[in-house]
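Here the structure is laid out as structure tokens; the discussion comes afterwards.
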Amino acid sequence: MKETPLSNCERRFLLRAIEERKRLDGRQSYDYRNVRISFGADYGCCIVELGRTKVLGQVSCELVSPKLNRATEGILFFNLELSPMASPAFEPGRQSELLVKLNRLLERCLRNSKCIDTESLCVVAGVKVWQIRVDLHLLNHDGNIIDAASIAAIVALCHFRRPDVSVQGDEVTLYTPEERDPVPLSIHHMPICVSFAFFQQGTYLLVDPSEREERVMDGLLVIAMNKHREICTIQSSGGIMLLKDQVLRCSKITGVKVAEITELIQKALENDRKVRKEGGKFGFAESIPNQKISAFKMERAPVDTNDVEEQAEEIITKADPPSEVFAKPILQTPGTAQIGEGIENSWGDLEESEREEQEEDNSDDATTSGVQKMETEEISGVSKTKKEADTIILSDSEEEVVVVLEPEETRKKTRTHTSAKQENSSSKKTFNKKRKKKRTTH
Amino acid sequence: AAQELVGRVVLPGDVLLLPSHPEADGERLPLGPGFAPPGRLVCGPGLRRCGAGLLVTKCGLLRHRQAGGAGGGSGGAYWVDSQQKRYVPVKGDHVIGIVTIKAGDIFKVDVGGSEQASLSYLAFEGATKRNRPNVQVGDLIYGQFIVANKDMEPEMVCIDSSGRANGMGVIGHDGLLFKVSLGLIRKLLAPSCEIIQELGQLYPFEIVFGMNGRIWVKAKTIQQTLIVANILEACEHMTAEQRTQAFAKLSES
């Protein structure tokens, strides 16, 4: 698909805003957008967000034979990919000019600066070395891909752990993470790219250009530097003449920015290490911010709670002794278990499951279904009393009704003769039932 | 049943049952919106016919509008109000487009859809074969779709049925264009929307909303234009109270 063209009025507005030293997102000329680093559940996986630009980094390793002329050095491989997911203008499977340029710049920034100790990746000289592969995927494009990609690459490399190996004679043993803790790579320094956009033949300068600013800029200068203020790479594109003091000023700004970003990276890595050690929650799913489009709320439906206890007691006394059929929960996989047989999955078709349930209700013979029904009514009576006091999470969708039923004292009082397992078994039914209740109140 | 789920979240794959009534068999899906005879049913975006019911194909809130006049019962229009950014041209929508090509007597206009729309040079107010409108590549056009079908090139015009511009045409040379989600545009264009009224009390500005998610703003200074643009972008994820607070803070400064 074609890229959305830039209209004349946007171009004019941007240039005028830059002349007035204002930017679309309210930043100052030398400000970076917010950098956010989140880690995946695995080692060596991270997402770096630079404003709305998002890059996923993933490091993997493999034992290969080394290159002939460098028998004692491990191999580093970088690959940046621009998928159509990031922007409809990117075409899949084609090496665009931009992609080649970015990949080359990344390689120069990270491999040629010797930030990773490649000799430590050697297992048996001339026979086996580690090949470290860094895959970077652009998930969303809002300008300044190179900065985000370079941060993602170095963060992923710092976060990565390779399996431990031992060499005895000619034999190479590879240990699984369970046998021996995986070892981190040895990283000498962290080079980070900082981009500068120039406008009006170098009169105006912006740090970290956004996508629209990139489209109207005259030239771009990328400086890669580590926190010791050593320049790793410098590249100017766009064909503008830069003065010596301009380049010097840029390198000074880079020094400041790199120090800030490095600190941020180290903090993020430290946080992640701590969380993993303490067994807290980590991974991407935990770090997605909640953005609500509209607040979905459900009014609390008043429920008649008079003589519920009596009713419950009555039902219990009338009911047959609970059957032993589904006493034992079957653990299918960690996290999901099945209790009993023949209980409908209520996530499917709502109407159907309800209709079936009604049919079930109608059949009056004292088979298991009859008992189930009794159970259901019993618990729904109990949860009715609880509704007033207890936490019940009600969401808007009927399919998503989640009822948190903790073993409570009120419950134990009314149902002392049933085992806890059966209580669980019927809780699923309960919420089907409750859903129906809610419907009738509407 | 569909009636009960109105205003609730529906998910793709849900089947909505319609209240059955005798003429249901001979019922046919009317083509355009607003062409619903009383008692007939229109499925809007995100819904598809499936046997006797409606199949949901997008996730969002189910909406329903009663058919005009003595419709009642099962009639009216159902649609799913979902959050998306990709625009699909709809006949009658007012959109903001960017002119990409001037080819002979038509202009190609990018409206954010899968295909570029075509716009005849005669479809401007007062345009004749001699008197061509002054449109350059890269200009912004505010127009209306008169043809928008699936798998076909949509066609735009900048005049209404009586040949008047009625606010449409080329948008001025300055001001800022930015994109928001389609849901926000619908929210802002709703007659009961407070955001625009509250914004209008701050300072005067010009604004154009395109149903394709594009907004053009122009205020007296660049600073003011930027403020309006940023407020509108931020409004999507704000509650009413947060918004009033933000506006109060703005009017102070």
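The values are calculated or read from the model by the stated rules, or taken from the named source; none is laboratory data. Given the structure is predicted, the values throughout are model-derived calculations rather than measurements. Every residue, glycine as well, gets a Cβ built from its backbone with ideal geometry; the counts of neighbours run over all protein chains shown. Just so you know, the surface numbers come from the protein's heavy atoms only, side chains and all, with ligands and any DNA or RNA stripped out. Shrake-Rupley method; radii C 1.70, N 1.55, O 1.52, S 1.80 Å.
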Relative contact order of the range B:148-253, defined on C-alpha pairs under 8 angstrom at six or more residues apart (%) = 23 percent
remark   = Note: A vs B interface, total accessible area buried (1.4 Å probe; ligands, DNA, RNA excluded), nearest 100 Å², is 3100 Å²
query = Average partner chain C-beta neighbours within 10 Å, per residue of B:169-182?
reply = 3
request  = For chain B, with all protein chains present and a 1.4 Å probe, just round the carbon and sulfur fraction of the accessible area to a whole percent.
outcome  = 54 percent
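Across the residues of B:136-145, average count of Cβ atoms on other protein chains within 10 Å?
Numbers: counts 1, 3, 8, 3, 4, 1, 0, 0, 0, 0.
The mean count of partner-chain Cβ atoms within 10 Å per residue comes to 2.
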remark   = Using alpha carbon centers only, the range A:178-224 is separated from the range B:91-145 by a whole-angstrom value of 39 Å
remark   = Test assert for the range B:212-227: residues whose accessible surface shrinks by at least 50 Å² between chain alone and all chains, 1.4 Å probe, equal B:Ile222, B:Leu226
The range A:115-248, accessible area per residue, ligands and nucleic acids excluded (1.4 Å, Å²) = 42 Å²
ask   = If packing is taken as the mean number of other Cβ atoms within 10 Å per residue, what is the order of A:47-55, A:119-127, highest first?
value = A:47-55, A:119-127
ask   = Taking each residue of A:9-22 in turn, how many C-beta atoms of other protein chains fall within 10 Å of its C-beta, and what is the average?
value = 4
request  = Report, to the nearest whole %, how much of the accessible area of the range A:25-164 belongs to carbon and sulfur atoms, 1.4 Å probe, protein only.
outcome  = 48 percent
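In deg cm²/dmol, rounded to 500, what helix-only [θ] at 222 nm does chain B give when every DSSP H run of at least 4 residues adds -39500 (n - 2.57) and the total is split over its residues? Could you put the intermediate results ahead of the total?
Values: 5 runs with 45 residues, N = 253.
Helix-only estimate at 222 nm: -5000 deg cm²/dmol.
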key: Gaussian network model of chain B, springs between alpha carbon atoms under 10 Å - residue of B:Gly210, B:Gly138, B:Gly104 with greatest fluctuation   = B:Gly104
inquiry  = What FRET efficiency comes out for B:Ser181 versus B:Lys129 if R0 is 30 angstrom and r is the Cβ-Cβ distance? Round to the nearest 0.05.
reply    = 0.15
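What's the ranking of A:233-244, B:91-102, A:144-155, A:90-101 by average number of surrounding C-beta atoms within 10 Å, highest first? The partial results should precede the final answer.
On the way: A:233-244: 13.2, B:91-102: 19.4, A:144-155: 27.6, A:90-101: 11.7.
The densest-packed peptide leads the list: A:144-155, B:91-102, A:233-244, A:90-101.
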Mean Cβ neighbour count within 10 Å, used as a protection proxy, ranking B:126-133, B:195-202 highest first = B:195-202, B:126-133
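For chain B, with only Lys/Arg (+1) and Asp/Glu (-1) charged at the beta-carbon, what is the dipole magnitude about the Cα centre, in debye rounded to 20? Walk me through the intermediate numbers first.
Details: 26 positive and 24 negative charges, 57 e Å.
Dipole about the Cα centre, nearest 20: 280 debye.
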